[in-house]
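Q: Here it is, the structure, as structure tokens.
Bear in mind that the values in this text are calculations on the coordinates, not laboratory data. Since this is a predicted model, take the numbers as computed values, not measurements. Note: ideal-geometry Cβ built from the backbone for every residue, glycine included; neighbour counts use all protein chains shown.
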Amino acid sequence: MLTDAEKQVLIHKAHLAQELAYSPYSKYAVGAALLTRGGDIYTGCNVENAVFPLTLCAERVAVFKAVSDGKMDFNAIAVVTRNGGTPCGSCRQVLREFGQDIIILVANEKEELSLETTLGELLPHSFGPEDVAS
């Protein structure tokens, strides 16, 4: 459970990250702020490429930054877009690698929260690490 103050900090940091987005093709800037259970926050923005499949979403940038720092126990992620869009399917699946109980906060550029849910609710009947046979 996050306090209202924690939610606002995450949303604000996601908004700041959104301002750094490189989105010359879609013009759809996205920012994300990922909170670890230890209290660390990792931000990310979308980075587009002229070769469209090489584009990387903000949520995945934040996850990869955290993992490259040795952090893999996530509590919540805030995502800010101009219209409160939710994480795409690829981002949902990447987040799923680290648990279904991750809190997802979605907000617009005015930092207004439009959706609070969990990854399990956004990606029901998901495939995760426990489904892969060793």
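Q: log₁₀ I(q)/I(0) of the chain at q = 0.10, 0.13, 0.16 Å⁻¹, via Debye over equal Cα point scatterers, no solvent, to two decimals?
A: -0.29, -0.49, -0.74
Q: Right, another one. How far, in nm, would the chain grow between residue 55 and residue 121 when pulled straight, counting 0.36 nm per residue and subtracting the alpha carbon separation?
A: Extra length available between residue 55 and residue 121 comes to 21.2 nm.
Q: Just to be sure I understand the model, the point goes 7 Å from the Cα along the line to the Cβ. What's the resulting residue 132 to residue 4 distance in nm?
A: 4.2 nm
Q: List the chymotrypsin sites (Phe, Trp or Tyr not before Pro) in the range 67-134 that DSSP assigns to loop (not H, G, I, E or B) and whose Cβ has at most 14 other Cβ atoms within 10 Å. Which are they?
A: Answer in residue order: 127.
Q: Evaluate the relative contact order of the chain (contact order divided by residue number), counting alpha-carbon pairs under 8 angstrom at least 6 apart; express in whole percent.
A: Dividing the mean separation by the residue count of the chain yields 21 percent.
Q: With charges only on Cβ, +1 for K and R and -1 for D and E, what is the dipole size of the range 4-131 about its Cα centre, in debye, rounded to 20?
A: 340 debye
Q: Taking a threshold of 18 Å on the Cα-Cα distance, which of the pairs 27/65; 7/27; 13/65 fall above it?
A: Over 18 Å Cα-Cα: 27/65; 7/27.
Q: Between residue 110 and residue 83, what length comes free when the chain is fully extended (0.36 nm per residue of separation minus the Cα-Cα distance, one decimal in nm)?
A: Net length gain for the segment: 8.8 nm.
Q: For the range 57-84, list residues with backbone N below 16 Å from a point placed 7 Å from the Cα of residue 101 toward its Cβ?
A: 72-77
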